[in-house]
Amino acid sequence: MTQSYRIETGGLINRNKKISFKFNGTSYFGYEGDTLASALLANGVHLVGRSFKYHRPRGFFGAGVDEPYAVVQLYRNGETEPNIKATEQELFEGLEASSVNCWPSVNFDIGAINNFLKIFLPAGFYYKTFMWPKSFWYKIYEPFIRKAAGLGVASTKHDKERYEHKYEYCDLLIAGSGPSGLASAYSAAKNGAKVILAEDKPRYGGSLLTSDVNIGNQSGKDWADGIISELKEMPNVTVKNRSQVFGYYDHNMLVMSEKVSDHLPKTKKYHPNKRLWYIRAKEVLISSGSIERPIVFGNNDTPGVMLSSAAKEYLKVYGVLVGKKPLVFTNNDSGYETAIEFKKHGIEPIVLDSRSNPQSEIIDEAKNLGINIKNSYVVVAAQGYKKVKSADVATISEDKKTLGNIENIVCDCICVSGFWTPTIHLASQSGNKTKFNEEIDAFVPGVSKQNETTLGAANGVFTLEETLKTSFEKGKELSKKITEKDNEISIPNVVEKKYSKHDKFWCVPLPKGKSYKRFLDFQNDVAVSDVEIALREGYRSIEHVKRYTTLGMATDQGKTSNLNGLQLVSEIENKVVPSVGHTTFRPPYTPISIGAIVGREVGKHSKPTRKSPIHNWHEEHNAVFVDAGVWLRPRYYKRGNETLFEASKREAKNVRTNVGVCDVTTLGKIDVKGPDAAEFLNRVYTNAWLKLPVGKARYGVMLREDGIVMDDGTTTRISENHYHMTTTTAQAANVLSHLEYYLQLVWPELNVNVVSTTEQWAGAAIAGPKSRDLLQKLFPKTDVSNEGLPFMGYVEGDLFGVKARIFRISFSGELAYEVNVESDNGRFMWEKIIEIGEEFQIQPYGTEALSTLRIEMGHVAGSELDGRTIPYDNALEGLLSKKKDFIGKRSLQRAAFVAEDRQRIVGVVPLDKKTSIPEGSHLVKDANAPLPNKKLGHISASCWSVEYDNPFSLAILKDGKNMIGEKLFVMSPLKNKVIPVEIVSSHYVDPKGERVRS
Amino acid sequence: MLHIKCPHCGMRSQNEFSYGGDATVKRPELNKEVTDQEWDNFVYNRVSPRGKHLELWQHLSGCRQWIKVERDTATHEIFKTYKANEEIA
Ligand SMILES: [Zn+2]
């Protein structure tokens, strides 16, 4: 295909580098420096998609971030991404893109039938049409809407691209590199301030790239190029293109998305696809410019109708004609700039100006060039379906209410200019209460909320001279406050054309007997008639009108539609625009890739992976690992073809008959030190701690102030003022914070320090009837007899030259010990235990066997201490001291906590002694009771009892104390199971606890 | 994201801190008889003021100190930060 709409010379593209690409399966050529939009237009392609609701043909409306139509599905390097604006996507070799919202194709679209069934989708269609009948929603409405709507398809594959986050601090962040951004950056940089200048487009310069002005003795563009190259050389300046500052958050933090690789066929090695910058700026200068707004007329969504500024940009930046028979429809002088640009390239434009007799320099220039200008003329409606073929035009009366006779003008594009809307999004996000400027019929920033200043067109200043002057001065003033330097900058002379006043006219009335759709929101297909319906149905608040009609709710956030929507509401309501007010601007300013927001925190990187110092040994011995919080722990050690069930049963059985060893390094450990440590523990734990002798351990439970159990564990008195506290793996961090809270805020008079020692110690639990014999061989010089090291005793020992702590504590209910050594010696300790344990038939056991052992002993753990249970519920009331106060004690008097039929832990055994009970199942009295069946309790943990060789579970059951011996049903709708069970004691094995003391 | 001045470490980003609720709540003294109402007020009942609010934050990923922050709940403006034992001006 030839680029038949590309002019011979001119534009900022590189004509020496041809680039091939595909759109909807057809191959085309463009040049380096094109966007997908400019390259398609160069090839005469105007039809790019179908509209969201009515599936009307859609072309290009803008040339940048404001584009409402040209949203495509992009394919790059084997990946696909939806919701890409063709006007922003730079062309690269091999780019492929396709239309969205079209089924089966852009040229023949079944959904377009909606267009002829308009009654089907009027304003509020979500709320009305699909409400009835209810059963239709899932089966008919939703699948239909899903198929027919949406803006592309998200990939279901793993994203191979990498995204980075970066934190940055600066004196001045400047958003936008147009004249105001360049001038303020320049004077601030010269004053020595640390400056970040961000530009969302690939090229710097903003409006200077397309406007016909002189600064100093140079063209606007050359001046911009000069400033940029000077700024790039300065060490205190960071200049970033392809970088959109999209959010202004609290305390002057802004977020910017930098497209590092989107313009390349493939991301370079070690480069991210996108980089998200979190920038904390002392001062923020918003120089985001303005967006041209459309004039509303009939069929104004036909491909070929576009913003006049976009037509000019395609011509001046890309050397592309958007049409060869252009009609320019304007209410201000901007349209003439576009017309003059066409004329310069041998094209004969016709200008329709809604004003009756406008006079200005630029209009004179257009007249002198012989351009056909029709005053008091408007476009009534575009004609053509997939492309503009002609325009119905008419004269309009001075009061803009009456149209003259309709004439038809043949044209292939309609370039429309309804004046300019400042881009105030960032200022508004900052909290700035914007104000309405009657002069320009638009909102501008009011009083700054944070340290933000808006400059140039974004502030409603449309002359270059004033923009440059105020921007140079602002940059200097703000930087001076920070650097205290005062560099003199001479403000260059400006040559620009003066504009005459624009016409306060935004919507062409419907001619008699015609019912053209006149669109306000092009992406969400919201027409004038929809807003009229909303108002007729009683919606008044602009926020409600927005939601009811979906005006401005599309991915372009109504950049081209908001003001016209407000004009319409104010006109119908007979109010002025400022009293209607605008809807809230929320970040992001433009869609941001989810990948960029997530950054590197994906998959295994979403949390740290912690491994015990014994991890490699586990790996070498066929351990199957499980995530335990951030830790990786062996779940079981697989032998041959064993299943999880078989292996854990073997390991648990071996603990009950011989001896097992389990890596317990992950347990939280906290050193509690100081002369008041005992008193502190006495307040933190529910039981008594003042009389614990050195060399003894004690089990303790700590509560929250509301009486709920927070954590449990053993604490050992290592020496006079030194305690070693253990916590559960999951609660380690919370417990430390909790202790610090009381020490720093509640009882600062206590002389105690706490510090986490979790990483300092490697731990091995040695459990089973033969554990003492093994321990004696490990520590031949230490007396580990029942008298020398009784239950809950503690000694220090020498493990073949390595210092070790030996605790006689048990989680399995068996005779058991826990040995701790410094982390570096963890593997040495472990291998010694395995080596010497061989003669005692030692086997390592994982978390699955560990759970089995604790469940059948009725030891509570995280699944019972779930943030909803008090000590009584866990049969821990024996640990509540009556003599002293402790954290949470007072709450235990609450009526619900002392109720007679309070929930309590019980054991559960299936009547058939065979069926495994799913964790989380409910306990009910009658399996056949009508729903909702009253829940009496839930299964908190399940295992296969190795002691009795049948399933056993723990449950938290209403009135559990009086339920022992009852027959109930376990129901698991999730697993579709109903199991008759008997309630037994939670202490299923060794209820008197004789083994641990043996 | 807020920018909080830790009185021990200086200006730090909010993601180094964790929130700890109303700093004006005082725990009843140990061993002191309190009514149900007093205890409920301590454990559960909180005002949710619009405007100035003295609250606790812990500099979790920093010095681990609990600090007091005087913040406007509507605008997020931070007026002053205090050490745990500092007099509130
Ligand atoms: Zn700190």
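Every number here is computed from the coordinates shown, using simple stated rules; none is lab data. Since the structure is predicted, the reported quantities are computational estimates derived from the model, not experimental observations. FYI the Cβ positions are ideal-geometry reconstructions off the backbone, even for glycines, and counts take in every protein chain you see.
Rounded to whole Hz and in sequence order, give me ³J(HN,Hα) for region A:509-524 from the Karplus expression 6.51 cos²θ - 1.76 cosθ + 1.60, θ = phi - 60°, writing x for Gly and Pro.
Whole-Hz 3J(HN,Hα) from phi for region A:509-524: x, 6, x, 4, x, 10, 10, 4, 6, 10, 8, 9, 9, 7, 7, 9.
Counting pairs of alpha carbon atoms under 8 Å apart in space and at least six apart in sequence, what relative contact order in percent does chain A give? Show your work: numbers first, answer last.
Working: 2310 pairs, mean separation 87.4, N = 998.
Once divided by the residue count of chain A, the mean separation gives 9 percent.
Enumerate the calculated ³J(HN,Hα) couplings along region A:500-505 in order (Karplus 6.51 cos²θ - 1.76 cosθ + 1.60, θ = phi - 60°), each rounded to whole Hz, writing x wherever the residue is Gly or Pro.
Couplings: 8, 5, 7, 9, 6, 9 Hz.
Tell me the relative contact order for region A:14-115 as a rounded percent, counting alpha carbon contacts under 8 Å between residues six or more apart.
31 percent
Run a plain Debye calculation on region A:894-939 (Cα atoms as equal point scatterers, no solvent) and give log10 I(q)/I(0) at q = 0.33 Å⁻¹, rounded to two decimals, same order as the q list.
Log-scaled intensity ratios, in q order: -1.21.
Would you mind telling me the antiparallel percentage of the DSSP bridges in region A:273-423, rounded to 5?
On the way: 14 of 31 bridges.
In region A:273-423, approximately 45 percent of DSSP beta bridges are antiparallel ones.
When Cβ neighbours within 10 Å are restricted to other protein chains, what is their mean count per residue of peptide B:3-11?
Other-chain Cβ atoms within 10 Å of each residue's Cβ, averaged: 1.
Using a/c under 1.5 as the rounded threshold, could you call region A:664-791 rounded, prolate or oblate? The axes a ≥ b ≥ c are square roots of the C-alpha gyration tensor eigenvalues, and prolate needs a/b larger than b/c, oblate otherwise. Let's see the in-between values first.
On the way: a/c = 2.11, a/b = 1.74, b/c = 1.21.
Cα axes put region A:664-791 in the prolate bin.
Taking a point 7 angstrom from the Cα of residue A:356 along the C-beta vector, which residues in region A:493-514 have backbone N less than 20 Å away?
Within reach of a label on residue A:356: A:500-509.
For region A:898-998, what number of Lys pairs, 8 or more residues apart or on separate chains, have alpha-carbon atoms under 17 Å from each other?
21
As I understand it, the dipole of region A:423-493 uses +1 on the Cβ of Lys and Arg and -1 on the Cβ of Asp and Glu, about the Cα centre. Which of A:440, A:455, A:467 lies farthest toward its positive end?
Projecting each Cα onto the dipole axis, the largest value belongs to A:455.
Could you give the spread of the C-alpha atoms of region A:898-998 along their three principal axes, from largest to smallest, in whole angstroms?
Projected onto the principal axes, the Cα atoms of region A:898-998 cover 51, 35, 19 Å.
Just how far, in whole angstrom, is region A:355-384 from region B:36-63 if you go by their alpha carbon centroids?
Here the answer is 66 Å between Cα centres.
Using DSSP to call loops (not H, G, I, E or B), can you name the chymotrypsin sites (Phe, Trp or Tyr not before Pro) in region A:575-634 whose Cβ has at most 12 other Cβ atoms within 10 angstrom? Present the calculation step by step, with values, prior to reporting the outcome.
Working: sites: A:585, A:589, A:617, A:625, A:631; in loops: A:585, A:589.
Passing both the DSSP loop test and the Cβ count: no residue.
Got a sec? Charge dipole of the protein assembly as shown, +1 on Cβ for Lys and Arg, -1 for Asp and Glu; which of A:99, A:84, A:932 is way out at the positive end?
A:932
Once phi is turned into θ = phi - 60°, what whole-Hz ³J(HN,Hα) does the Karplus curve with 6.51, -1.76 and 1.60 give for every residue of region B:57-69, x standing for Gly and Pro?
Using θ = phi - 60°, the values come out as 9, 10, 7, 4, 9, x, 7, 6, 7, 7, 10, 10, 10 Hz.
Which value, in debye to the nearest 20, describes the size of the charge dipole of region A:898-998 about its Cα centre when Lys and Arg Cβ atoms bear +1, Asp and Glu Cβ atoms bear -1, and nothing else is charged?
Rounded to the nearest 20 debye, it is 180 debye.
Where a ≥ b ≥ c are the square roots of the eigenvalues of the C-alpha gyration tensor, would you call region A:258-301 rounded, which needs a/c under 1.5, or, failing that, prolate if a/b is larger than b/c, or oblate? Before the final figure, lay out the partial values.
Values: a/c = 4.96, a/b = 1.48, b/c = 3.36.
Oblate, because a/c is 1.5 or more while a/b does not exceed b/c.
About the Cα centre, and with charges only on the beta carbon of Lys, Arg (+1) and Asp, Glu (-1), how big is the dipole of region A:763-833? Nearest 20 debye, please.
Working: 9 positive and 10 negative charges, 24 e Å.
Here the size comes out at about 120 debye.
Would you mind giving the average projected area, over all directions, of the Cα convex hull of region A:760-898 in nm² with one decimal?
10.7 nm²
Ratio to report: Rg/Rh of region A:414-552, with Cα atoms as the point set and Rh obtained by the Kirkwood method; give two decimals.
When Rh is taken as the Kirkwood radius, the ratio is 1.09.
With the Cα gyration tensor of the protein assembly as shown giving a ≥ b ≥ c as the square roots of its eigenvalues, does the rule (a/c under 1.5 for rounded; else a/b larger than b/c for prolate; else oblate) give rounded, prolate or oblate?
Prolate.
Fewest Cβ neighbours within 10 Å first, please rank A:22, A:259 accordingly.
The order, fewest Cβ neighbours first, is A:22, A:259.
Packing-wise, with mean Cβ within 10 Å as the measure, how do B:54-60, A:953-959, B:1-7 rank, highest first?
A:953-959, B:54-60, B:1-7
I'd like to compare A:571-578, A:855-862: which one has the highest average count of other Cβ atoms within 10 Å, and what's the full order after that?
Working: A:571-578: 13.1, A:855-862: 22.6.
Top of the packing list down: A:855-862, A:571-578.
Using the charge dipole of chain A (Lys, Arg: +1 at Cβ; Asp, Glu: -1 at Cβ; taken about the Cα centre), state which of A:423, A:654, A:606 has its Cα farthest towards the positive end.
A:654
When DSSP assigns beta bridges and you keep just the ones with both residues in the protein assembly as shown, what percent turn out antiparallel, to the nearest 5?
Expressed as a percentage, antiparallel bridges in the protein assembly as shown total about 75.
In debye to the nearest 20, how big a dipole does the protein assembly as shown give about its Cα centre with +1 on each Lys and Arg Cβ and -1 on each Asp and Glu Cβ?
Working: 142 positive and 131 negative charges, 342 e Å.
Here the protein assembly as shown has a charge dipole of around 1640 debye.
Please work out the C-alpha center-to-center distance from region A:3-58 to region A:435-449 and express it in whole Å.
Using only Cα atoms, the two centres lie 37 Å from each other.
Within 10 Å of each Cβ in peptide A:740-746, how many partner chain Cβ atoms are there on average? Round it to a whole number, please. Could you put the intermediate results ahead of the total?
Working: counts 6, 5, 2, 2, 9, 12, 6.
Average neighbour count from other chains, rounded to a whole number: 6.
Provide A:31, B:44 in ascending order of the number of other Cβ atoms located within 10 Å of each residue's Cβ, fewest first.
Lowest to highest Cβ neighbour count: B:44, A:31.
Could you work out the mean count of beta carbons from other protein chains within 10 Å of each residue's beta carbon in B:26-32?
On the way: counts 2, 6, 3, 2, 10, 3, 2.
Average neighbour count from other chains, rounded to a whole number: 4.
Starting from one equal scatterer on each C-alpha and no solvent at all, send me the Debye-based log10 I(q)/I(0) for region A:15-95 at q = 0.16, 0.19 Å⁻¹, two decimals.
So the normalised log intensities are -0.56, -0.79.
Near the amide H of residue A:888, under 5 Å away, which other amide H atoms are found, from residues 5 or more places off or on another chain, if H is placed in the peptide plane?
none
State which entries of A:282/B:83; A:221/A:476; A:401/A:497; A:194/A:435 exceed 28 angstrom in Cα-Cα distance in the structure shown.
A:401/A:497; A:194/A:435
At 222 nm, what helix-only mean residue ellipticity would the protein assembly as shown give, in deg cm²/dmol to the nearest 500, using -39500 (n - 2.57) for each DSSP H run of four or more?
Value at 222 nm, helices only: -5500 deg cm²/dmol.
Stretch residue A:495-residue A:838 to full length: gain in nm at 0.36 nm per residue minus the Cα-Cα span?
Value of the extension gain: 114.1 nm.
For region A:701-767, what is the convex hull volume of the alpha-carbon atoms per residue, in Å³?
Cα-based convex hull of region A:701-767, divided per residue, equals 120 Å³.
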